[in-house]
Amino acid sequence: MVSPPLQVVCAVIEDPQGRLLLARRLAHQAQGGLWEFPGGKLEAGESQAEALSRELDEELGLQPLQATPWITVRHVYPEREVQLHAWRVRAWAGEPVGRLGQPLDWVTPAELVQREFPAANRPIVNALILPDACLITADAPDDGRFLAALEQAAQRVRMAVLRGEQALRLAPQALPRLRAAGVLTLVNATPEQARALGADGVHLNRHRLRELQTRPEGLRWVGASCHDSEELARAARLGLDYAFLSPVQPTASHPDATPLGWEGFAALIADHALPVYALGGMQAGDVPQARARGAQGVAAIRGLWPPGEGQGVLPDGA
């Protein structure tokens with residue numbers, strides 16, 4: 001008989017400066033020494049909100065005053081499947097203290113990559129680090145204008161995917177500029193090309209995703225373009241960090257594709273824990289709509305690339 005998933009609730013506690021509270025598991029505990037978001041198992045008959053309040057009191061001496069459900073992650077450990085319910089907590093009563101003797105630390109989202117977490121926490125960590133808008137580059141009439149457009153776009157976005165022959169050829173020049181601007185930069189290419197270029201990660205088109213058997217090694221960030229539930233499930237099963245799902249709205253990039261619409265988009269991502277960006281007809285102003293539907297944010301070419309610098313038609317499967 002298969003045991004039901006262990007139900008666990010955790011708190012992503014954020015202070016007014018945007019720092020997040022982490023607790024370190026004690027050495028004698030399972031996965032001892034790893035950092036985690038405070039919380040614990042639901043007891044019989046408890047709601048998630050009741051368990052959250054009890055766990056935060058027992059572990060930290062806090063009482064949540066403003067807490068909202070955020071992400072649910074299902075993860076299968078060798079010994080048991082866990083269903084982890086993450087809540088955002090932005091107001092509380094009390095001062096956090098490690099009441100069980102566990103070390104505590106306040107970190108920025110960017111500093112999360114320096115900590116080791118239990119595997120079930122990875123989608124939560126990724127969602128906290130990744131921005132709410134991702135630029136996909138378009139072609140430009142010449143190389144100089146491409147680099148100028150990229151620098152202009154880098155003033156508005158914190159994540160970019162270099163796509164196309166021109167972008168990959170100019171990647172050795174583009175990557176240092178984007179890195180200096182604090183932009184997380186991936187390349188739409190093979191994992192081997194991404195490693196050779198020294199990119200932050202690789203973005204896989206749907207064809208490369210289907211061919212993939214295991215998560216590529218040696219890359220912190222691996223994402224993929226998806227168009228249906230099967231591809232999203234494959235991305236999650238391989239342990240990828242995020243996905244694009246398209247097309248949400250009608251788009252000139254894929255004029256023959258049937259758009260999902262916001263309701264269809266929300267339905268498809270509901271069963272998948274990894275962060276998903278809405279792609280297809282997106283503008284920067286669509287971020288609130290996307291997040292309200294459960295998305296990480298939006299990805300776009302025309303909506304984020306400087307106007308007049310190329311139209312950027314996506315190849316099939318991109």
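The values are calculated or read from the model by the stated rules, or taken from the named source; none is laboratory data. Please read these numbers as outputs of a predicted model, since none were measured by experiment. Because the Cβ atoms are built from the backbone with ideal geometry, glycine has one as well, and the counts that use them run over all protein chains shown. Side chains included, ligands, DNA and RNA excluded: accessible areas come from the protein's heavy atoms. Shrake-Rupley method; radii C 1.70, N 1.55, O 1.52, S 1.80 Å.
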Checklist entry - Okay, which of the stretch 29-62 sit inside 14 Å, backbone N to the point 7 Å along the Cα-Cβ direction of residue 80? => result 30-31, 40-44
Checklist entry - So what's the gap between the Cα centers of the stretch 266-297 and the stretch 142-216, to the nearest angstrom? => result 21
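Compare the peptides 172-183, 48-59 by average per-residue count of other Cβ atoms within 10 angstrom and give them in order, highest first. Intermediate results must be reported in sequence, preceding the final value.
Numbers: 172-183: 16.0, 48-59: 18.4.
Descending packing order for the listed peptides: 48-59, 172-183.
Averaging sequence separations of C-alpha pairs under 8 Å and six or more residues apart, then dividing by the length of the stretch 34-126, give the relative contact order as a whole percent. Mind dumping the intermediate values first?
Working: 119 pairs, mean separation 28.0, N = 93.
Contact order relative to length: 30 percent.
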Checklist entry - Per residue of the chain, what 222 nm ellipticity follows from adding -39500 (n - 2.57) for every DSSP H run with n ≥ 4, rounded to the nearest 500? => result -7000 deg cm²/dmol
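Would you mind working out the accessible area per residue for the chain, using a 1.4 Å probe, and quoting it in Å²?
Details: 14530 Å² over 318 residues.
Per-residue accessible area for the chain comes out at 46 Å².
Ranked from the most accessible area to the least, with a 1.4 Å probe and all protein chains present, what is the order of 241, 143?
143, 241
Ignoring ligands, DNA and RNA, what percent of the 1.4 Å accessible area of the chain is carbon and sulfur?
Working: 7390 of 14530 Å².
After summing per-atom areas, the C and S share lands at 51 percent.
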Checklist entry - Can you list the residues, at least 5 places off or on another chain, whose amide H is less than 5 Å from the amide H of residue 40, using H built in the peptide plane? => result 9
Next on the checklist: Suppose R0 equals 45 Å. What FRET efficiency, 1/(1 + (r/R0)^6) with r the Cβ-Cβ distance, do residue 111 and residue 256 give to the nearest 0.05?
Outcome noted: 0.50
Checklist entry - Which angle from 0 to 90°, rounded to the nearest 10, does the C-alpha axis of helix 48-60 make with the longest principal axis of the chain? => result 70
Next on the checklist: Show me, for the stretch 11-20, the HN-Hα J-couplings you get by feeding each phi into the Karplus relation (A = 6.51, B = -1.76, C = 1.60, θ = phi - 60°), rounded to Hz, glycine and proline as x.
Outcome noted: 10, 8, 8, 10, 8, x, 8, x, 7, 10
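Would you work out the relative contact order for the chain, in percent, from Cα pairs under 8 angstrom that are 6 or more residues apart? Intermediate results must be reported in sequence, preceding the final value.
Values: 654 pairs, mean separation 45.8, N = 318.
Once normalised by length, the contact order is 14 percent.
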